[in-house]
Amino acid sequence: MSTEVKEIKKTSEPLFSKKNRKLLSDPLNDSNPITVQVLGICSALAITVQVQQAVIMSLSVLFVMIGGNVIVSLLRNRIPDRIRIIVQLVIIAALVIIVNEVLKAFLPDISEKLSVFVGLIITNCIIMGRLEAFALGNKPGPSFLDAIGNAMGYAWILVAVAVVREIIGSGAISLPGMGQVKFIPSSWFIAEGGLYENNNLFILPPMALVVVGIIIWIQRSRNTKLIEEN
Amino acid sequence: MEYFSIFVKGIFVENMIFAYFLGMCSYLAVSKTVKTAVGLGFAVIFVLGITVPINYLLEEFVLKEGALTWIDPSYSTIDLSFLSFIMFIAVIASIVQLVEMIVEKFAPALYGALGIFLPLIAVNCSILGGALFMQERQYPTIGEATVFGLGSGVGWWLAIVAIAAIREKIRYSHVPAPLKGLGITFIITGLMGMAFMSFMGIEI
């Protein structure tokens, strides 16, 4: 009798209970998808040359993650274990095609810049990793929150890396509607008689790795429980 | 000679990790010891060596514009290339599921060591990347496509074994505590990437 009462209580758990709030806040820091879980690195390296690309990419990942997590969570008792990867990939691929078509229709210039990498959201392991690790074993509500939390954790790292790379690499951030927002005064540049020059190395992929490494360094020196033993 | 050139290019000049940064997730997570790195590396060589030629056949006989003429000459205007993403990923996912079952059955120790990362080979960008590069570069024969797949697989294997060896050694060095593990791996990979950039432009 008592166990039954407990189970009923469990199902009526409010959406924003303490446990569920943790699903939202944990991925931002303690279990960040990029710096702690090590998922979704490829796109973090490839599209962080410009801030607006990083933002659009993050929004696309947010949409695909919410859709994928909720759909897989709804189907979790019906997907045979042996073929789950194919089922998940088909769901993700369908959502990515929707994102791709929407970007092509409403943001054609950014879609052109991102072209390959919107397709590569299919192989972004953060989405597959959350489907495997969370959505397959949890109800749609918590899965929805888990998707938002992880997509946000992914987004802030992406935007942070992009801001560093774009400022040091190009001296200015180009934002839609505002043009180039300059961070380095143009009189500092050698061409204008100053001593400063853009560091083009930051545009190249290897520096993305180093910037992510430094972000991990800063994060772990502030949050010491994340430090690894070896 | 053509085959040799494609093979060497896939390993050094167009290395999946250092030139295109594909497949980074499993590269970073499974490179703690050389033994598991070698295992995952071989799995990637195997999967790339199988999926690239299968996707090549799919591209040649189903997806390309005019590829369906072998059924009927009137199909010569049909272009199914918009389906290539979903077809490639379906082929890759089924092959990976097959490999997972085989490894689970015949090498349980390896299966235990690779854990969640064996299913994640399906979303290893280097596998889909291999298929997309094959499509983009339009290799004339299936032999060249296969050699390209094997070559990029070996390049990926080389990268993960190299970083795993460095990580085994660096355990005994005085790395600043917050940089230990993942942080220093990122920075070392960045430095290795800069070194591998010097291979770019080499013609064999």
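The values are calculated or read from the model by the stated rules, or taken from the named source; none is laboratory data. Because the structure is a prediction, the values reported are computed rather than measured. Heads up, the Cβs are rebuilt from the backbone with ideal geometry, glycines too, and the neighbour counts pull from every protein chain shown. Areas reflect the complete protein model, heavy atoms only, side chains present, ligands, DNA and RNA absent. Shrake-Rupley method; radii C 1.70, N 1.55, O 1.52, S 1.80 Å.
What to note about this one:
- Working value for region A:114-165: equivalent-ellipsoid semi-axes of 24, 15, 8 Å, each the square root of 5 times a Cα gyration tensor eigenvalue, largest first.
- Per-residue average of Cβ from other chains inside 10 Å of A:203-214: 6
- Based on DSSP H segments of at least four residues, each scored -39500 (n - 2.57), chain B has a per-residue ellipticity at 222 nm of -20000 deg cm²/dmol.
- Here, P(r) means the percent of Cα pairs in each 10 Å bin from 0 to the largest distance; for region A:47-173 it is 14, 40, 31, 13, 3, 0.
- Each Cα pair under 8 Å and six or more residues apart adds its separation to the average, and for chain A the resulting relative contact order is 29 percent.
- Student exercise, region A:41-229 dipole from Lys, Arg, Asp, Glu Cβ charges, in Debye to nearest 20: 600 debye
- Chain A contacts chain B over a buried accessible area of about 3800 Å², both sides summed; the probe is 1.4 Å and only protein chains count.
- With at most 12 neighbouring Cβ atoms within 10 Å, loop GluC sites (Glu not before Pro) (DSSP) excluded, longest segment of chain A: A:1-196
- Taking A:I167, A:I184, A:I71 as the candidate residues, the one with maximal mean-square fluctuation in a Gaussian network model of chain A, Cα springs under 10 Å, is A:I184.
- Rg and Dmax [Cα atoms of region B:9-194; Å; Rg one decimal, Dmax integer]: 18.5, 69
- GNM on chain A, alpha-carbon springs under 10 angstrom: the most fluctuating residue among A:P80, A:P205, A:P176 is A:P176.
- Computed with the Debye formula from one identical point scatterer per Cα of chain A, without solvent, the log10 of I(q)/I(0) at q = 0.08 Å⁻¹ comes to -0.37.
- Axial C-alpha extent at least 18 Å, average Kyte-Doolittle at least 0.0 - helices from chain B (DSSP): B:34-58, B:84-106, B:142-170, B:182-196
- Angle between chain A longest axis and helix A:140-170 axis [Cα atoms, degrees, rounded to 10]: 10 degrees
- One Cα centroid belongs to region A:19-39, the other to region A:189-218; the line between them spans 28 Å.
- Normalised contact order of chain B, rounded percent, pairs of Cα under 8 Å and 6 or more residues apart: 42 percent
- Region A:156-230, relative contact order in percent, only Cα pairs under 8 angstrom and at least six apart counted: 25 percent
- An ellipsoid equivalent to region A:155-230, defined through the eigenvalues of its Cα gyration tensor, has semi-axes of 30, 15, 11 Å when rounded to whole angstrom and sorted largest first.
- Cα coordinate range in region B:1-100, projected on the principal axes (Å, largest first): 56, 35, 19
- Modelled FRET efficiency - R0 41 Å, A:E228 with B:S5, Cβ distances, 0.05 increments: 0.50
- The fraction of all Cα pairs in the protein assembly as shown landing in successive 10 Å bins from 0 to the largest distance is 4, 19, 30, 27, 13, 5, 1, 0, 0, given as whole percents.
- Furthest towards positive pole of dipole, B:A37, B:I6, B:S76, structure part the protein assembly as shown, Cβ charges: B:A37
- Computed over protein heavy atoms with a 1.4 Å probe, the accessible surface of the protein assembly as shown works out to 47 Å² per residue.
- Mean per-residue shielding of peptide A:138-148 is 0, counting Cβ atoms of other chains within 10 Å of each Cβ.
- Rounded to the nearest 20 debye, the dipole magnitude of the protein assembly as shown is 1780 debye, with +1 charges on Lys and Arg beta carbons, -1 on Asp and Glu beta carbons, and the Cα centre as origin.
- Folded to 0 to 90 degrees: helix A:2-11 orientation relative to chain A principal axis, Cα: 30 degrees
- Computed over chain B with a Gaussian network model linking Cα atoms closer than 10 Å, the most mobile of B:V52, B:V62, B:V161 is B:V62.
- Counts of other chain beta carbons within 10 angstrom of each beta carbon in peptide A:77-85 average 2.
- Selected from A:N150, A:V102, A:G137, residue furthest toward positive end of dipole (region A:41-229; charges at beta carbon): A:G137
- The angle separating the long axis of helix A:51-74 from the principal Cα axis of greatest extent in chain A is about 10 degrees.
- Rh by Kirkwood over Cα pairs, then Stokes-Einstein D for region B:92-204 at 1.567 mPa s and 4 °C, µm²/s: 77 µm²/s
- Rounded D (µm²/s) - region B:7-59, Kirkwood Rh over Cα pairs, Stokes-Einstein at 25 °C, 0.890 mPa s: 199 µm²/s
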